[in-house]
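K.L.:
One structure, pasted below without further comment.
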Amino acid sequence: MKLLVTGGAGFIGSAVVRLAIARGHAVVNLDALTYAACLDNLASVTASANYSFEHADIRDRAALDRVFAIHAPDAVLHLAAESHVDRSIDAPADFIGTNITGTFNMLEAARAYWTRSGQAEAFRFHHISTDEVFGSLPSDPSIKFTEDTAYDPRSPYAASKAASDHLVRAWHETYGLPVVLTNCSNNYGPFHFPEKLIPVVILNALAGQPIPVYGNGENIRDWLYVEDHADALLRVLQTGQVGRSYNIGGNNEVRNIDLVRMICAILDTKQPKARGSYSDQITMVADRPGHDARYAIDPTRMNSELGWYPAVTLEQGLDRTVQWFLDNETWWRPLLARDGVGRRQGMRA
């Protein structure tokens, strides 16, 4: 199968590309190479005859038409997106342009290609989204996001992804485009761009800098190891029901403050400080505007319909992730100089 993966030089996208090639698929990686992209994420597969790269922006419809015409993919995995909530507070226009207009362009380019191809039954357009479209959950652990949860986005990022989800469903209902959708919980693991929580904790700890925790640290997230997510995405693409959405979670709910302490404890074991614990560097900082209290995914549909379960526990995944960052300073060190990295953003009320 030949797959067109948008955003394939990003964190999740590169995990999908690596896994797809390992499983024998041909992959076309379409990426605009914005600040969060890193082609080094794909160093292990770039020499493969099954890998090709297209430097293109999903906001450029003509470029998309050219890529579809040249490569004739059997399926699309649409991951390209602006994804950092704090940046969306400061610069929402970037999120509207990429996540909404860019998705519209992808849908139209895919529809035109699919129509020219005789509306092949096997073609799929897989749209990858987030649990943030559902808003915030109460503390009751019995209540989780399902595929039927009403949308209630609270940030510009979440709103832009909710809009893109609605576009994908509309293109299926109106034009018959064969789509599948997924909404995932927070990802983490190797190659995680160093502006997100887990890499920030690791790298600030190693640098002897304050480890920032928003508000009181009570916000709860469900964590999903990125390689488990890549496996789930390919499962949905190949066996998911057309027109259906699937929630992908890790069954790993934890408070932010507890997550940070877990990472510090792992670092204390792997690379002890001369004195004290890395947890001594934890610093509570002003909260993000509109910070959702809790996210939690109910993955029952993934389990019962597709037979998918996460393979990596949070404890295992954090240990692997910390070790990967300790072993790969040559990857993350240059990224610290990129625009906005290491600087607090999203403080505009």
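Computed from the coordinates by the stated procedures, all read-outs in this text should not be read as laboratory data. Just so you know, these numbers come straight off a predicted model, no measurement behind them. Please note: Cβ atoms are built from the backbone with ideal geometry, for glycine as well, and neighbour counts cover all protein chains shown.
K.L.:
Could you state the number of Å between the C-alpha centres of the stretch 147-212 and the stretch 67-84?
P.N.:
After rounding, the separation between the Cα centres reads 17 Å.
K.L.:
Each residue of the stretch 283-295 in turn: what ³J(HN,Hα) in whole Hz from Karplus with 6.51, -1.76, 1.60 and θ = phi - 60°, glycine and Pro shown as x?
P.N.:
Each residue's phi maps through the Karplus curve to give 9, 6, 10, 4, 6, 6, x, x, 5, 5, 6, 8, 10 Hz.
K.L.:
Check which residues have an amide H placed less than 5 Å from Asn187's amide H, if you skip close sequence neighbours.
P.N.:
Here the answer is Leu224, since their amide H atoms fall under 5 Å of that of Asn187.
K.L.:
Still on this structure, I have one more. Describe numerically, in nm with one decimal, the distance between label points set 7 Å from Cα along Cα→Cβ at Val254 and at Met284.
P.N.:
If labels sit at Val254 and Met284, their model points lie 2.1 nm apart.
K.L.:
Then there is this: Can you give the calculated 222 nm mean residue ellipticity of the chain, where each DSSP H run of n ≥ 4 adds -39,500 (n - 2.57) and the sum is split over every residue, rounded to the nearest 500 deg cm²/dmol? Present the calculation step by step, with values, prior to reporting the outcome.
P.N.:
On the way: 12 runs with 133 residues, N = 349.
The helix contribution divided over the chain gives -11500 deg cm²/dmol.
K.L.:
Could you compute the FRET efficiency for Lys273 and Glu218, with r as their C-beta to C-beta distance and R0 at 25 Å, rounded to 0.05? Before the final figure, lay out the partial values.
P.N.:
Numbers: r = 27 Å, r/R0 = 1.06.
The formula returns an efficiency of 0.40 here.
K.L.:
Ranked by Cβ crowding within 10 angstrom, fewest neighbours first, how are Asp287, Asp222 ordered?
P.N.:
On the way: Asp287 14, Asp222 25.
The order, fewest Cβ neighbours first, is Asp287, Asp222.
K.L.:
Can you list the HN-Hα couplings for the stretch 212-221, worked out from phi with the Karplus curve (6.51, -1.76, 1.60; θ = phi - 60°), rounded to whole Hz and with x for Gly and Pro?
P.N.:
x, 10, 5, x, 9, x, 7, 4, 10, 10
K.L.:
Search the structure for amide H atoms under 5 Å from the amide H of Gly135, placed 1.01 Å from N in the peptide plane, and list their residues when 5 or more places away or on another chain.
P.N.:
For Gly135, the qualifying residues are Asp152, Arg154.
K.L.:
Okay, moving on. Among Phe325, Phe104, what is the fewest-to-most ranking by other Cβ atoms within 10 Å? Each step should come with its number before you reach the end.
P.N.:
On the way: Phe325 24, Phe104 18.
Exposure proxy ranking, most exposed first: Phe104, Phe325.
K.L.:
Please give the Cα centre distance for the stretch 110-135 versus the stretch 1-58, rounded to the nearest Å.
P.N.:
18
K.L.:
Pop a pseudo-label 7 angstrom from the Cα along the beta-carbon direction at both Ala72 and Lys2 and give the gap in nm to one decimal.
P.N.:
Reported label-point gap for Ala72 and Lys2 is 0.6 nm.
K.L.:
Please work out the Kirkwood hydrodynamic radius for the chain, using every pair of different C-alpha atoms, and report it in angstroms with one decimal place. Write out the running numbers ahead of the final one.
P.N.:
Numbers: mean 1/r = 0.0486 Å⁻¹.
After inverting the mean inverse Cα-Cα distance, the result is 20.6 Å.
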